[in-house]
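**Student:** Have a look at this one before I ask anything.
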């Protein structure tokens, strides 16, 4: 079906907007379904007041102090979640004195800061800043940091974390699978001390004790394992003639959520092309964005370690400062992790404690 056309409109999305208008994309199924483009006389984020619970959220996760920050026996803290995914922050400063097994879901660990080793059933993996580590459900592991100032963003999912279908772009688009790292067995057969495995089921911890180190696997085979990729190895797709939707930067897909990686890239060179993220109202997804590094050109007063949550039903898009600076930069200088959740994402008490309550006012233009 070809789109209907009424009033003033651009012939192509994000290109050649009618003078004095602000384009908004109203779509279904994230950026994969039916959509319309509406051309407003004012920015759709030009609000002056909110009533009710619906509003954009911003969190300074640098202020979170999970139990594992000071106590090696401590656990990460959950700050957002729904039935499909739960988001945690770990600030673990010392090695786990136990092993851990999550039977509630698969985990995607993003290393915002820190370096060290993750010991797993399949063998150890070195980790460093910018790593995504995929840990399947019920894999036993232990974090052993080398650094003390560490920050891990952890996404727990009911489903597996899979690579996206790259379609016409081909097998090597976004990143070549050759950059994926998997562990080599390194059994701890000479460690005969007592070791504890903590197993999380239904958000409760059970403990199992062994008279030997449970990392005693001497070999493995199969297609289910721990694996990692560093964000620097992701090669973003760019178009010099049109702004691409966030879905073009998909890194992982899981049940009820899509995870995208935003990286430095050239901005659109076509004079008529929109050069900042277009306004849109999330119809079927809540959008979480974690700011990892750089200058977040579409946002103001945002720094590394902060995160935003834009719930369905309310517009979001570039801040007024970003609109005013459109065309002044030739490239983006930012690294960020986005999660689009199919079901509403709830703010948990730990998240409420570090929320910037007046974030919604950051779109209000100063007179």
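The values are calculated or read from the model by the stated rules, or taken from the named source; none is laboratory data. This is a predicted model, so every value here is computed, not measured. Positions of Cβ are generated from backbone atoms using ideal geometry, with glycine treated the same way; all protein chains shown enter the neighbour counts.
**Student:** Would you confirm, using the coordinates I've provided, whether residue 87 is crowded, with 22+ Cβ neighbours inside 10 Å, in contact with a strand residue (DSSP E or B) (Cβ under 6 Å, 6 or more places away or on another chain) and assigned to a strand (DSSP E or B)? Please lay out each step first, then the result.
**Tutor:** Working: crowded, with 22+ Cβ neighbours inside 10 Å: yes; in contact with a strand residue (DSSP E or B) (Cβ under 6 Å, 6 or more places away or on another chain): yes; assigned to a strand (DSSP E or B): yes.
Taking the combined requirement at face value, the residue satisfies it.
**Student:** Quick check on my filter: what residues within the range 56-73 are outside any strand (DSSP E or B) and either at positive phi or surrounded by 18 or more Cβ atoms within 10 Å (Cβ to Cβ) (or both)? Break it down stepwise before answering.
**Tutor:** Going through the range 56-73, the residues outside any strand (DSSP E or B) turn out to be 56, 61-73.
Result: 56, 61, 64, 66, 68, 69.
**Student:** Quick check: anything in the range 102-115 over 23 Å from residue 251 (Cα atoms) and either under 22 Å from the mean Cα position of the chain (by Cα) or in contact (Cβ under 8 Å) with a residue 24 or more places away in the chain (or both)?
**Tutor:** Taking every residue of the range 102-115 in turn, at least one turns out to be over 23 Å from residue 251 (Cα atoms) and either under 22 Å from the mean Cα position of the chain (by Cα) or in contact (Cβ under 8 Å) with a residue 24 or more places away in the chain (or both).
**Student:** A follow-up question, please. Among the strands (runs of 3 or more DSSP E) lying completely within the range 256-325, list those that include at least 2 residues that are modelled with pLDDT of 85 or more.
**Tutor:** Numbers: elements: 257-262, 279-281, 286-295, 306-310.
Once the strands (runs of 3 or more DSSP E) in the range 256-325 are filtered for at least 2 residues that are modelled with pLDDT of 85 or more, what remains is 257-262, 286-295, 306-310.
**Student:** Filter the range 243-260 for residues that are closer than 16 Å to residue 331 by Cβ and touching a residue at least 60 places away in the same chain (Cβ under 8 Å); which is surrounded by the fewest Cβ atoms within 10 Å (Cβ to Cβ)? It would help to see each step written out before you state the result.
**Tutor:** Step one: filter the range 243-260 for residues closer than 16 Å to residue 331 by Cβ, giving 243-244, 249.
With the extra rule that they be touching a residue at least 60 places away in the same chain (Cβ under 8 Å), the set shrinks to 243, 249.
Details: 243: 20, 249: 22.
Filtering first and then ranking leaves 243.
The rows are residues; the columns are (1) assigned to a strand (DSSP E or B); (2) under 28 Å from residue 305 (Cβ atoms); (3) touching a residue at least 40 places away in the same chain (Cβ under 8 Å).
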| residue | (1), (2), (3) |
| --- | --- |
| 152 | yes, yes, yes |
| 164 | no, yes, yes |
| 172 | no, no, no |
| 178 | no, no, no |
| 184 | no, no, yes |
| 196 | yes, no, yes |
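**Student:** Among the residues in the range 127-150, are any free of Cβ contacts under 8 Å to residues at least 12 places away in the same chain, surrounded by fewer than 17 Cβ atoms within 10 Å (Cβ to Cβ) and part of a strand (DSSP E or B)? If you could, list the steps in order and put the result at the bottom.
**Tutor:** Step one: filter the range 127-150 for residues free of Cβ contacts under 8 Å to residues at least 12 places away in the same chain, giving none.
No: zero hits.
**Student:** Among the residues of the range 217-255 satisfying the criterion of being out of contact with any strand residue (DSSP E or B) (no Cβ under 9 Å at 6 or more places or on another chain), at pLDDT 85 or above and part of a loop (DSSP other than H, G, I, E, B), which is nearest to residue 130 (Cα to Cα)? Even if it seems obvious, please write down each step before you answer.
**Tutor:** Filtering the range 217-255 for residues out of contact with any strand residue (DSSP E or B) (no Cβ under 9 Å at 6 or more places or on another chain) gives 218-219, 221-224, 233, 235, 237, 244.
Now restrict to residues that are at pLDDT 85 or above: 218-219, 221-224, 233, 235.
From the residues that got through so far, the ones that are part of a loop (DSSP other than H, G, I, E, B) too are 218-219, 221-224, 235.
Numbers: 218: 29, 219: 28, 221: 27, 222: 27, 223: 24, 224: 23, 235: 14 Å.
Restricting to residues being out of contact with any strand residue (DSSP E or B) (no Cβ under 9 Å at 6 or more places or on another chain), at pLDDT 85 or above and part of a loop (DSSP other than H, G, I, E, B), the top hit is 235.
**Student:** What number of residues within the range 339-367 are out of contact with any strand residue (DSSP E or B) (no Cβ under 9 Å at 6 or more places or on another chain) and either closer than 14 Å to residue 87 by Cβ or assigned to a helix (DSSP H, G or I) (or both)?
**Tutor:** 1
**Student:** So, one more: Here is a list of conditions, (1) assigned by TED's automatic domain parsing to the domain that holds residue 142; (2) over 30 Å from residue 234 (Cα atoms), and residue 50 meets all of them except one; can you say which number that is?
**Tutor:** For residue 50, the failing item is (1).
**Student:** In this structure, is residue 100 surrounded by 22 or more Cβ atoms within 10 Å (Cβ to Cβ) and under 19 Å from residue 198 (Cα atoms)?
**Tutor:** Working: surrounded by 22 or more Cβ atoms within 10 Å (Cβ to Cβ): no; under 19 Å from residue 198 (Cα atoms): yes.
No; evaluated as a whole, the condition is false for this residue.
**Student:** Given the structure, is residue 52 in a loop (DSSP other than H, G, I, E, B), surrounded by fewer than 13 Cβ atoms within 10 Å (Cβ to Cβ) and in contact (Cβ under 8 Å) with a residue 24 or more places away in the chain? Explain how you work it out, then say what you get.
**Tutor:** On the way: in a loop (DSSP other than H, G, I, E, B): yes; surrounded by fewer than 13 Cβ atoms within 10 Å (Cβ to Cβ): yes; in contact (Cβ under 8 Å) with a residue 24 or more places away in the chain: no.
Judged against the criteria, residue 52 is not a match.
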